[in-house]
Amino acid sequence: KLAVEFPSEDIFLMTASPVIKAVTNFKQVSKTLEEFDVEEQPSSLLEKRYPNIKVIQSGVKQLKSDEHKIFTEDGKEYMYEKLCLCAGAKPKLISEGNPYVLGIRDTDSAQAFQKNLAQSERIVVVGNGGIALELVYEIQGCEVIWAIKDKAIGNTFFDAGAAEFLIPKLTAEKRETPIECKRTKYTMEGSEEKDRPTAASDELGSALGPDWHEGLSLKGTKEFSHKVHIEILCEVKKIHLQQEFIQLQRTSLAFPKKEKNTEPDEVLWPVYVELTNGKIYGCNFIVSATGVVPNVKPFLDGNNFAVGEDGGLEVDKHMQTSLPDIYAAGDICTAAWEPSPVWHQMRLWTQARQMGWYAAKCMAADTLGEPIDMDFSFELFAHVTKFFNYKVVVLGKYNAQGLGLDHELMLRCTKGQEYVKVVMQNGRMMGAVLIGETDLEETFENLILNQMDLSAYGEDLLNPDIDIEDYFD
């Protein structure tokens, strides 16, 4: 976007990785909903397309904001007129430096995961967001103990009702054939096999796009397809290596065959997880899919940034940080403006793309001294994704975020087919969750945006015999 806005200026893209993430197959599904794939491409493609972009492959060592300078790991320094920090976030690991704990955030860590899984009989997955959800669904031939801190699965995106709707898919033996993977991974020539340190966890790749698990064969050693046991309302209390566990002289549990699980485990595992509910399970390794923390560390030293409660760099409604000429976008930033009543920040690919694009517009407007309006994409929270092979659309305050007790829910559910939930407040639609091919996203998007009073329709709003799209067309 900057290259287009300033065709005669030099634009440097600094990245620690040899590949760049490109948005491809972009589709505007509705006013605020968009679908796209994220592909890794060699940086030369970007430089070919925009002659004024130069990609500098090196990590950032230091930022001296008062001098408008960036110092890179390879010992060089660069002056900037305007700077935008888009360094994303890194996985919150439940335990740092433990060889049996894998964090998944990027395509590299997904590959390490796959290597480990091939020799595994049981793994423990910790976390309840999008990655954990997809992972548990995709894993076959390996026992999975899934530890979640909430009552229901997928709490970031759903409520208990949607979770119930999806659970049968977890235990179904018959799997649909996965859709072909469109993403490819580029690495520098020869670097693939040659002494590439496996767990240099500081050198993070870029975050996974929405279809990261496709084309990875997520299969363990066992012959059955799905075996998932969910432990709810618990977190990891402690991780014991095999030796420590033997010295503890405590019992670990076998994979539960029925609800009440008290059978001791006969197998000796490389690592043991003690949960806050008192249960201990042995496993081959642990997947930490417990969210991310903004990757601000390289930039804070010696710079007086305002930092949000979640650890991100605070930005105003023009994506500007508290320091002059420095902007931030994506997972690294915290939206510190007064948001629209039906938008909230969530560290997702869709928002990263919108923020990046809008930040470039703001940088241009500021340079040219022109006024700029807030981008429309921040009017309504809207995200479309796929879980368990169902299309999932979440709109507005889909989990009644911040609405307190003053709201009501309406539901419509056809088992195995669709799940529709709307969040209403004072007769107005505030949010919605749509699972399956409901075709309601555009209608609901409009109803949330124009805040029309719907109290007259009552329950009929979700009546399957009334064609609501035609009605509000």
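The values are calculated or read from the model by the stated rules, or taken from the named source; none is laboratory data. The model shown is predicted, which means the values in this text are computed figures rather than measured ones. Methodologically, a virtual Cβ is constructed for each residue, glycine included, from the backbone with ideal geometry; neighbour enumeration extends over all protein chains shown. The accessibility values were calculated without ligands, DNA or RNA, using every heavy atom of the protein model including side chains. Shrake-Rupley method; radii C 1.70, N 1.55, O 1.52, S 1.80 Å.
Below are the figures for this structure:
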{"read-out": "Any hit, the range 102-125, residues being under 30 Å from Ser8 (Cα atoms), out of contact with any Pro (no Cβ under 7 Å at 6 or more places or on another chain), open to solvent by less than 70 Å² (accessible area, probe 1.4 Å) and among the polar types (S, T, N, Q)", "value": "no"}
{"read-out": "Residue within the range 155-169 that is part of a strand (DSSP E or B) and surrounded by fewer than 23 Cβ atoms within 10 Å (Cβ to Cβ) present", "value": "no"}
{"read-out": "Selected residue (criterion: nearest to Glu408 (Cα to Cα)) from residues of the range 439-460 that are exposed (fewer than 15 other Cβ atoms within 10 Å of the Cβ) and under 29 Å from the mean Cα position of the chain (by Cα)", "value": "Asn450"}
{"read-out": "Answer residue from the range 402-429, given it is touching a strand residue (DSSP E or B) at 6+ places or on another chain (Cβ under 8 Å) and more than 16 Å from Glu459 (Cα to Cα) and is surrounded by the fewest Cβ atoms within 10 Å (Cβ to Cβ) among those", "value": "Asp406"}
{"read-out": "Every pair of residues 6+ apart whose Cβ atoms lie under 6 Å, when the first sits in the range 397-416 and is on the phi < 0 side of the Ramachandran plot and aliphatic (A, V, I, L, M) while the second is open to solvent by less than 50 Å² (accessible area, probe 1.4 Å) and in a loop (DSSP other than H, G, I, E, B)", "value": "Leu403/Lys397"}
{"read-out": "Of residues in the range 20-51 being touching a Ser or Thr at 6+ places or on another chain (Cβ under 7 Å) and closer than 26 Å to Tyr80 by Cα, the one most open to solvent (accessible area, probe 1.4 Å)", "value": "Lys21"}
{"read-out": "Pairs, first in the same structural domain as Thr414 (by the TED database) and within 18 Å of Val423 (Cα to Cα) in the range 456-473, second open to solvent by 60 Å² or more (accessible area, probe 1.4 Å) and assigned to a loop (DSSP other than H, G, I, E, B), C-beta under 6 Å, six or more apart", "value": "Asp460/Ile466"}
{"read-out": "Test result for Thr334, of a type in the set (Ser, Thr, Tyr) and closer than 29 Å to Thr290 by Cβ", "value": "yes"}
{"read-out": "Residues of the range 278-300 classified as open to solvent by 30 Å² or more (accessible area, probe 1.4 Å) and over 27 Å from the mean Cα position of the chain (by Cα), total", "value": "2"}
{"read-out": "Residue selected from the range 341-382 under the condition touching a residue at least 60 places away in the same chain (Cβ under 8 Å), of a type outside the set (A, V, I, L, M) and not in a helix (DSSP H, G or I), by the criterion most open to solvent (accessible area, probe 1.4 Å)", "value": "Pro341"}
{"read-out": "Index of the failed condition, Val55 passing every other in (1) open to solvent by 70 Å² or more (accessible area, probe 1.4 Å); (2) touching a Ser or Thr at 6+ places or on another chain (Cβ under 6 Å)", "value": "(1)"}
